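Reading through the structure tokens given below for one structure.
The values are calculated or read from the model by the stated rules, or taken from the named source; none is laboratory data. As the structure is a prediction and not an experimental result, all values here were calculated from the model. Note: ideal-geometry Cβ built from the backbone for every residue, glycine included; neighbour counts use all protein chains shown. Accessible surface is based on the protein model in full, side chains and every heavy atom, while ligands, DNA and RNA are left aside. Shrake-Rupley method; radii C 1.70, N 1.55, O 1.52, S 1.80 Å.
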Amino acid sequence: MSTLHIVDHPMIQHKLTIMRDKHTTTKDFRELLNEISLLLGYEVTRDFPLEDCEVETPLQHYVGKMVSGKKVAIVPILRAGLGMVDGLLKLMPVAKVGHIGLYRDATTHNPVFYYCKLPKDIEQRFVIITDPMLATGGSACDAVEKVKSYGCTNIRIMCLVAAPEGIARVQREHPDVDIYTAALDDCLNENAYILPGLGDAGDRIFGTK
């Protein structure tokens with residue numbers, strides 16, 4: 001069974017509350033998402049292996065630690081997942097970025113696939129799939145299935161808020177994929193939006209609300 005990690009650091013919760021406010025501007029929403037993504041990135045990468053590294057400080061020889069051979073790919077689900085990429089790139093500037101295009105059908109609420117572009121060596125990389133909202137879990141599961149079809153075996157999902165329904169679906173369909181979120185919300189409404197949620201993340205990121 002995949003593990004759900006709720007990253008409830010006080011600064012994340014503070015910033016997330018501001019993001020939930022319907023009066024928060026597009027500029028502030030985008031900047032806060034960037035900041036939270038950076039903070040979530042610390043937890044997503046917490047168990048990366050380390051190796052010894054010898055350096056000379058200004059005073060003496062020193063054996064420190066550096067991340068051991070972890071090549072990373074950040075794969076946002078278009079379009080809202082793009083808002084989480086810059087924060088992760090600040091933490092891991094050499095990571096490569098792929099893109100998966102999915103949109104939700106307004107009637108069925110099911111994801112519709114329309115685009116995929118991934119690094120050529122994606123199967124060798126630790127993959128972080130980003131999307132601010134894990135609602136029904138349909139888009140997340142389809143994205144995981146797509147990267148698995150390229151041979152990826154080390155995959156994690158990073159989101160801002162998640163609904164129990166979406167978590168249950170990911171854990172059922174992809175028990176080998178851990179989920180990292182800043183908040184576990186209550187439920188989905190009749191239109192499959194997360195409650196209390198924060199509205200349509202894509203609209204709020206890009207000012208199309």
So, in the stretch 156-201, how many residues would count as being touching a Lys or Arg at 6+ places or on another chain (Cβ under 7 Å) and either part of a strand (DSSP E or B) or surrounded by 21 or more Cβ atoms within 10 Å (Cβ to Cβ) (or both)?
4
Give all pairs with beta carbons closer than 8 Å in which a residue from the stretch 43-61 that is open to solvent by 60 Å² or more (accessible area, probe 1.4 Å) meets a residue that is modelled with pLDDT of 95 or more and among the hydroxyl-bearing types (Ser, Thr, Tyr); count only pairs at least 6 apart in sequence or on separate chains.
GLU54/TYR62; VAL55/TYR62; GLU56/TYR62
How many residues are part of a strand (DSSP E or B) and surrounded by fewer than 21 Cβ atoms within 10 Å (Cβ to Cβ) when one looks only at the stretch 72-110?
7
Which residue, of VAL97, VAL144, VAL85, is touching a helix residue (DSSP H, G or I) at 6+ places or on another chain (Cβ under 9 Å), free of Cβ contacts under 8 Å to residues at least 60 places away in the same chain and closer than 20 Å to ILE12 by Cα?
VAL85
Which condition breaks for ALA192 when tested against (1) without any contact (Cβ under 8 Å) to a residue 40 or more places away in the chain; (2) touching a Ser or Thr at 6+ places or on another chain (Cβ under 9 Å)?
(1)
Identity of the residue in the stretch 62-71, assigned to a strand (DSSP E or B) and open to solvent by 70 Å² or more (accessible area, probe 1.4 Å), that ends up nearest to PHE113 (Cα to Cα)
VAL67
